[in-house]
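Written below as structure tokens is the structure these notes are about.
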Amino acid sequence: MTEDGNLSVVQRPNVPRSAFIALGLAAFGSGMSMRVADPMLVRLSADFSVGIGAASAVITVFSIAYGFAQLLFGPLGDRYGKYLVISIGCLLCSLTSALCAASPGLIALLVSRVLAGASCAALIPLSMAWIGDVVDYSERQAVLARFMIGLILGNGVGVMVGGFCADYLDWRFPFLLIALTFLITGIYLTRLRSTLPAQALTRGEIHDSGIRSLLKSFRKVFAIDWARMVLSSVFLEGALVFGTLAFIPTILHLRLDLSLASAGSVVMLFGIGGLLFAIFSPIFVRRLGEHRLVRFGVCLMALAMVTLGYSPVWWLSMPACFFFGLGFYMMHNTLQINATQMAPERRGAAVAAFASFFFLGQSLGVGVTGFLLEKVDTTYLSLIFALALLGVGLRFANAHVRRN
């Protein structure tokens, strides 16, 4: 393969299915960690005597740390082997999640969430890059979609458990559950790694060291026009989608008087929509193709966002969250498959840059939305975000058509 994304014939290793299942478990734990704090904001706000905007920092700092840590873990995966770095990352995630549970106050929790975000950065992007190494491009989108089932289920379980514990138990309990999940997964990955074929453990063609290696890896990625299009699109997608999603439980609780547990359960439908796409992704991809997936997906998301903002009754949020999730994974999975092919010779760095932009976009979106929620009506925000996201998706789809 060449660095501009053109395909060449490559001998792929014969990898056991258990290797992919293990990565799915890591993604499940990562998904829980990402979204567990979303329905806790009202509880944290009350417990720590701060506003919703200040409490939302537990989400923002996680995303910022996750985004910047990609600049380290991507090249590390290329140098030392992606599967090894993922295995160690899971064990680190177990420790940092336990620190979140042990936090005595808001400052300690924020510091722990920074560490949790940084350690989680070793998992999903490097898993995607490893899948790019061992799976042919013609099959890769469906494999990535099935891998993302772990993340989708983790997102849903994280929101549900976080909301339930915020209402009826202690907010620390979900972090203990996440720590246990990561510990079991890290041990499983470490043992499984010794059984993988040598080709599945190869390292990238990187000979420099330290900062010089980091800069060289990312310069190679950013020099590609198509890479810049993919990265800018996923940054804006992260800001607009998660600037909305992170506050849906809070909005449903404050505006429509739903309990936090019920609001968290409604948001689980976002994951169910994504799960539907993951299960039937081969059919979606075959029938629609990449650019139509983006167009259909972004239209579904825009409609869902407006519905969530303007709905006078809570039950309309259920189909809205479902189609929001379906539309998101239609678009995001297409961005992912393009990310794995932006710079094949430095795939770890390329996918790390992709994840970094995605989560930095999320941190910006959550921070801005948390600030605006106390000053602007949610109906106006939903309409503005929907129109902006529609523009981002259609821009990428049109560029994809021109490129192909």
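Considering each residue of the range 216-239, count those that are assigned to a helix (DSSP H, G or I) and either modelled with pLDDT under 80 or more than 18 Å from ALA397 (Cβ to Cβ) (or both), and give that number.
Within the range 216-239, the subset assigned to a helix (DSSP H, G or I) is 216-222, 225-239.
Those left that are additionally either modelled with pLDDT under 80 or more than 18 Å from ALA397 (Cβ to Cβ) (or both): 216-222, 239.
So the count comes out to 8.
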Point to revise | Test result for CYS93, under 23 Å from PHE354 (Cβ atoms), of a type outside the set (D, E, K, R) and out of contact with any Leu (no Cβ under 8 Å at 6 or more places or on another chain) | key: no
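Here is a yes/no grid of residues against (1) within 16 Å of THR60 (Cβ to Cβ); (2) open to solvent by 40 Å² or more (accessible area, probe 1.4 Å); (3) among the aliphatic types (A, V, I, L, M):
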residue: TRP226; (1), (2), (3): no, no, no
residue: VAL230; (1), (2), (3): no, no, yes
residue: VAL234; (1), (2), (3): no, no, yes
residue: GLY238; (1), (2), (3): yes, no, no
residue: GLY243; (1), (2), (3): yes, no, no
residue: ARG255; (1), (2), (3): no, yes, no
residue: SER262; (1), (2), (3): no, yes, no
residue: VAL267; (1), (2), (3): no, no, yes
residue: PHE270; (1), (2), (3): no, no, no
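Every residue, every condition in (1) over 20 Å from GLY150 (Cβ atoms); (2) in contact with a helix residue (DSSP H, G or I) (Cβ under 8 Å, 6 or more places away or on another chain); (3) of a type outside the set (A, V, I, L, M, F, W, C), yes or no:
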site: SER233; (1), (2), (3): yes, yes, yes
site: LEU245; (1), (2), (3): no, yes, no
site: ARG292; (1), (2), (3): yes, yes, yes
site: SER311; (1), (2), (3): yes, yes, yes
site: GLY325; (1), (2), (3): no, yes, yes
site: THR334; (1), (2), (3): no, yes, yes
site: ASN338; (1), (2), (3): yes, yes, yes
site: GLN341; (1), (2), (3): yes, yes, yes
Point to revise | Filtered residues of the range 90-107 (kept if in a helix (DSSP H, G or I), open to solvent by less than 10 Å² (accessible area, probe 1.4 Å) and either more than 20 Å from PHE175 (Cα to Cα) or in contact with a Ser or Thr (Cβ under 6 Å, 6 or more places away or on another chain) (or both)) | key: CYS90, CYS93, CYS100
Check your understanding: Can you name the residue in the range 302-341 that is open to solvent by 10 Å² or more (accessible area, probe 1.4 Å) and among the aliphatic types (A, V, I, L, M) and, of all such residues, is farthest from the chain's Cα centre (by Cα)?
Key -> VAL313
Review point. Just a yes or no: is a residue in the range 62-74 of a type outside the set (S, T, N, Q), open to solvent by less than 10 Å² (accessible area, probe 1.4 Å), part of a helix (DSSP H, G or I) and within 30 Å of LEU258 (Cα to Cα)?
Key: yes
Exercise for review: Tell me, please, whether a residue that is modelled with pLDDT of 80 or more, buried (at least 18 other Cβ atoms within 10 Å of the Cβ) and assigned to a loop (DSSP other than H, G, I, E, B) can be found in the range 148-162.
Suggested key: no
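The values are calculated or read from the model by the stated rules, or taken from the named source; none is laboratory data. Keep in mind it's a predicted model, so treat the numbers as computed, not measured. We place every Cβ from the backbone using ideal geometry, glycine too, and count neighbours over all the protein chains shown. Surface areas here come from the heavy atoms of the whole protein model, side chains and all, with no ligands, DNA or RNA. Shrake-Rupley method; radii C 1.70, N 1.55, O 1.52, S 1.80 Å.
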